[in-house]
Amino acid sequence: MNQEKLYLRTLGRLSELEKSGLRRQLRPRFGVDLCSNDYLGLSEHPLVKAAMCEAIQRLGCGATASRLLRGHFDEFSYVERRFAEFKGTEAALFFSSGYAANLGVLTTFPESGDVVFSDSLNHASIIDALRLSRATVKIYEHCNTDALAARIAETPCIGQRFLVTESLFSMDGDIAPLREYVQLCKATDTVLIVDEAHATGVFGKRGSGLLEELGVTEDCFVSINTAGKALGVMGAFVAGPQWAIDYLVQKARTLIFSTAPPPAVAVALSQAIEIVATQPKLRTELLSRASLVRSELLAIGANVPQGRSQIVPVILGKPEVALKVAGEFQARGYDVRAIRPPTVPPGTSRLRLSINLKISEGQLKDFLHAASDIMPRV
């Protein structure tokens, strides 16, 4: 098979990435975790691990088929009902990943003749899903309600309008103005879809997310809730009205044509949801630690955007600078990774500090001491 032309082209692309400081590497986890999304430490919680181990012994290691064939287990139905209760919706549907959930939702409901308005910093899974959608896609300036309103006003639509946004943005750690969006959606007959990936488990009285905290759950059509971040396991729940969930079962290709996750995952998630719902002090402690880190970094002059979430970005600008600073932290035993384009816009390469409860108070103090040494030399 003649691959020489492709080989040379690919080598050239890799060389360009290397020269620009944008070549990525797969590196194993090490040291003190400051980059994962295991915000509450539930991936290592004894009760969650015990639930999963027991379920593997009872149910096996894999589902072995899609859920519409032999891959559906009662454990999936149970965790979906439990998550819907937790989220405050009529129903929920479990997908194998947040990526699959976004593709399932956004290639099912928006149709030809519809228009989808999407935040400029929405996650890649949303962007890719909208590329596959038959709807017209309009991008608006990040978290700018006025820009969104102008976009809606200037865009004709013969079908249904949709607004798609994250609630808590994964790279900036900022929060979408959901209440303002709800008012705009009501005034323009626009359907709201919210990705709560990084908010689920962290915000709200029950811990179900920012829709709950801001009191707009009933104003959201469906939400996408990743289960591999604060919930500590894997997969994602789409939560919303029963009729919408019923339709996804009929039409969502990422559900229909994908082998179901291991049923033990559903059992572990049921336990994780119970912990989140009954232990609000975990969320309080997490956000308290994040606030401390943010304020201490600002005090030493780091470029840290204002925010109140567990995601604390440190903007460094050039990719090579981000790599250098991350390397200095790594040399001291802190697993901090450089985030570079295309994950973030050019000129905004950064460290994305992900605060979590696996870090002891002593480790956090030591990290801040290291930052006071490293950051002024940036």
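The values are calculated or read from the model by the stated rules, or taken from the named source; none is laboratory data. Computed from a predicted structure; not experimentally measured. Backbone-built Cβ (ideal geometry, glycine too); neighbour counts: all protein chains shown. Surface areas here come from the heavy atoms of the whole protein model, side chains and all, with no ligands, DNA or RNA. Shrake-Rupley method; radii C 1.70, N 1.55, O 1.52, S 1.80 Å.
Maximal additional length on extending the Ser66-Arg253 stretch stands at 66.2 nm, based on 0.36 nm per residue less the C-alpha distance. How much of the accessible area of the stretch 1-102, in percent, comes from carbon and sulfur atoms when a 1.4 Å probe is used? Ligands and nucleic acids excluded, carbon and sulfur reach 56 percent. Candidates Ile339, Pro110, Asn2 compared by Cα position along the dipole of the chain: farthest toward the positive end lies Asn2, with charges placed on Cβ. Placing a pseudo-label 7 Å from each Cα along the Cα-to-Cβ vector at Ile300 and Lys49 gives an inter-label distance of 3.2 nm. Scanning the chain for long hydrophobic helices, with DSSP H runs required to stretch 24 angstrom or more by C-alpha along their axis and to average at least -1.0 on the Kyte-Doolittle scale, returns 280-299.
Relative to the present Cα-Cα distance, how much length would full extension add between Lys318 and Arg131 at 0.36 nm per residue of separation?
64.4 nm
Note on Ser20 and Gln57: their simple-model spin labels are 5.3 nm apart, each label 7 Å out from Cα toward Cβ. Which of Lys229/Lys281; Lys281/Lys358; Lys5/Lys318; Lys138/Lys186; Lys138/Lys251; Lys87/Lys281 have a Cα-Cα distance over 22 Å? Among Lys229/Lys281; Lys281/Lys358; Lys5/Lys318; Lys138/Lys186; Lys138/Lys251; Lys87/Lys281, the Cα-Cα distance tops 22 Å for Lys5/Lys318; Lys138/Lys251. Work from the charge dipole of the stretch 116-187 (Cβ charges, +1 for Lys and Arg, -1 for Asp and Glu, about the Cα centre) and give the residue of Ala153, Gly173, Ile126 farthest towards its positive end. So the residue furthest toward the plus end is Ala153. Comparing Ala230, Ala302, Ala239 in a Gaussian network model of the chain (Cα springs below 10 Å), the most mobile by mean-square fluctuation is Ala302.
Per residue, the chain exposes 47 Å² of accessible surface when a 1.4 Å probe is rolled over the protein heavy atoms with every protein chain present. Distance between Cα centroids, the stretch 232-247 to the stretch 157-195: provide it in whole Å. Spelled out, the Cα-based centre of one part sits 18 Å from the other.
For the stretch 1-71, a/c is not less than 1.5, where a ≥ b ≥ c are the root eigenvalues of the C-alpha gyration tensor, and a/b does not top b/c. That puts it in the oblate class. For Val32, the residues whose amide H sits under 5 Å from its own are Tyr334, Asp335, ignoring neighbours fewer than 5 places away on the same chain, with H placed 1.01 Å from N. Distance from the C-alpha centroid of the stretch 326-378 to that of the stretch 14-30: 18 Å, rounded to the whole angstrom. Where the accessible area of the stretch 159-290 is counted over protein heavy atoms with a 1.4 Å probe, how much of it, in %, is carbon and sulfur? Heavy-atom surface of the stretch 159-290 belonging to carbon and sulfur, 1.4 Å probe: 51 percent. The length gained by stretching the chain between Thr188 and Ser112 to full extension, at 0.36 nm per residue less their Cα-Cα distance, is 25.5 nm. Taking the Cβ-Cβ separation of Gln330 and Thr155 as r and a Förster radius of 30 Å, what is the calculated FRET efficiency to the nearest 0.05? Calculated transfer efficiency: 0.05. Each peptide in 209-222, 12-25 was scored by the mean count of other Cβ atoms within 10 Å over its residues; highest first, the order is 209-222, 12-25.
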